[in-house]
1. Every residue in region 262-278 that is at pLDDT 90 or above and surrounded by fewer than 21 Cβ atoms within 10 Å (Cβ to Cβ), please.
2. Being at negative phi, modelled with pLDDT of 95 or more and assigned to a strand (DSSP E or B): is that true of S118 here?
3. Restricting the search to region 297-327, which residues are of a type in the set (A, V, I, L, M) and within 16 Å of ligand 2 (Cβ to nearest atom)?
4. With respect to V242, is the statement that it is within 14 Å of ligand 2 (Cβ to nearest atom), of a type in the set (V, I, T) and at pLDDT 90 or above true?
5. Scanning region 105-115 for residues that are near ligand 1 (Cβ under 7 Å from one of its atoms) and outside any loop (DSSP other than H, G, I, E, B), which turns out surrounded by the most Cβ atoms within 10 Å (Cβ to Cβ)?
6. Pick out the one residue from Q202, Q232 that is surrounded by fewer than 17 Cβ atoms within 10 Å (Cβ to Cβ), in the same structural domain as V112 (by TED's automatic domain parsing) and among the polar types (S, T, N, Q).
7. Is it the case that some residue within region 48-62 is within 25 Å of M1 (Cα to Cα) and of a type in the set (S, T, N, Q)?
8. If the Cβ limit is 6 Å and pairs must be 6+ apart or interchain, which residue in region 117-143 that is of a type in the set (D, E) pairs with which residue that is within 16 Å of ligand 2 (Cβ to nearest atom) and modelled with pLDDT of 95 or more?
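The values are calculated or read from the model by the stated rules, or taken from the named source; none is laboratory data. Quantities reported herein were computed from a predicted structural model and do not represent experimental measurements. As a convention, Cβ positions derive from the backbone with ideal geometry for all residues, glycine included, and neighbour counts pool all protein chains shown.
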Amino acid sequence: MTLYPKLILDALTNVRYPGTGKNLVEAGMVEDNIRIEGMKVSFSLVFEKPTDPFMKSVVKAAETAILTYVSRDVEIQGNISVKTMQTPRPEVTQLLPQVKNIVGISSGKGGVGKSTVSANLAVALAKLGYKVGLLDADVFGPSMPKMFQVEDARPYAEKVDGREMIVPVEKYGVKLLSIGFFVDPDQATLWRGGMASNALKQLIGDALWGELDYFLIDLPPGTSDIHLTVVQTLAMTGAVVVSTPQDVALADARKGINMFTNEKVNVPILGLVENMAWFTPAELPENKYYIFGKEGAKRLAEEMNVPLLGQIPIVQSIREGGDNGRPVALDEDSITGRAFLSLAASLVRQVDKRNVEMAPTQIVEMHK
Ligand SMILES: Nc1ncnc2c1ncn2[C@@H]1O[C@H](COP(=O)(O)OP(=O)(O)O)[C@@H](O)[C@H]1O
Ligand SMILES: [Mg+2]
């Protein structure tokens, strides 16, 4: 394979600058001094400000784009010269000091409604009067921009104490940031290992989340580097695991629970959510059809000794609400709206219970 600059430029059109939504080439961020020697490539990206909050993620995305779209064999030389250096982010322990509770939402496998539950929980908590932030960390399928109908929103940056901070998008009373704002969802192959983790750290630590009662994180399904990044970056209050009632989903949910509770990670399980618990047709509201089996998640909760936070039925409006960017939890008079409000209330109860268990006396003892 012979490399030439256009190949590199074409690859870089796959990366967009989140600040403007334009791709790097279009945004004029690629200097025209691309140097190629055999399979070695060097190039420079230009950023306007030394404190650009997207800098690291964009640089990493550019490297990955070249490896993905040009060739795995390209050797990108270390001298991708970004004109300026980013001020370092504060230490982990100082991250999000104004956030009271950090809750990860996870599932054993994809498609069980993890994002639907995340979006509706966030809206329901906001309805209950809490200050809520939602971070869409599902690098394999970011869906919050669509579920909140903010696909075209561009999180912008604001300077605070000399640092450029990403300002979350606000919708339905929820502050929202998504990894999907960085790269087109159909280019999710770009998101691998270190790069995704790095971008996530920025979305957590370099964003103006402000004071929050609940910071929800829609995690990828299964277990991944992203889970590790999140648990290493943040002091999580606990995790919520979403599952459908069928056996395959439950087997994976069990693994998910074990991942959080294992000694190294040690994140408490706040509870299980049984999604798609039954189907009720609009014309026969009394009938419940247990399409995916009956009460599987409820039994798993008992078996693993974790609370069952709620059961959400399969209802067409829930799917439609996700597709058209209006979560059903906005409509508190509907059956589905009430289901999510009660789910939110039971999450709050579990979190409060945890916080009481972790009351200061005990913390003092732990530090002895
Ligand atoms: N309770 C439900 N009733 C009807 N449709 C649902 C329900 N939960 C999820 N869905 C739909 O199922 C699909 C997958 O849900 P999603 O939340 O994207 O799953 P995940 O995030 O776990 O991959 C979406 O189209 C969503 O609208
Ligand atoms: Mg999802």
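1. Taking region 262-278 as the starting set, the residues that turn out to be at pLDDT 90 or above are 267-278.
Correct list: P268, W278.
2. Values: at negative phi: yes; modelled with pLDDT of 95 or more: yes; assigned to a strand (DSSP E or B): no.
So S118 fails the test.
3. To start, the set of residues in region 297-327 that are of a type in the set (A, V, I, L, M) comprises 297, 300-301, 304, 306, 308-309, 312, 314-315, 318.
I312, I318 - these are the residues of region 297-327 that are of a type in the set (A, V, I, L, M) and within 16 Å of ligand 2 (Cβ to nearest atom).
4. yes
5. Taking the candidates together, the pick is S107.
6. Every option except Q232 fails the conditions.
7. Step one: filter region 48-62 for residues within 25 Å of M1 (Cα to Cα), giving 59-62.
Right, trim to of a type in the set (S, T, N, Q) and you get none.
No, because not a single residue in region 48-62 is within 25 Å of M1 (Cα to Cα) and of a type in the set (S, T, N, Q).
8. Matching pairs, first to second residue: D136/M144; D136/D218; D138/D218.
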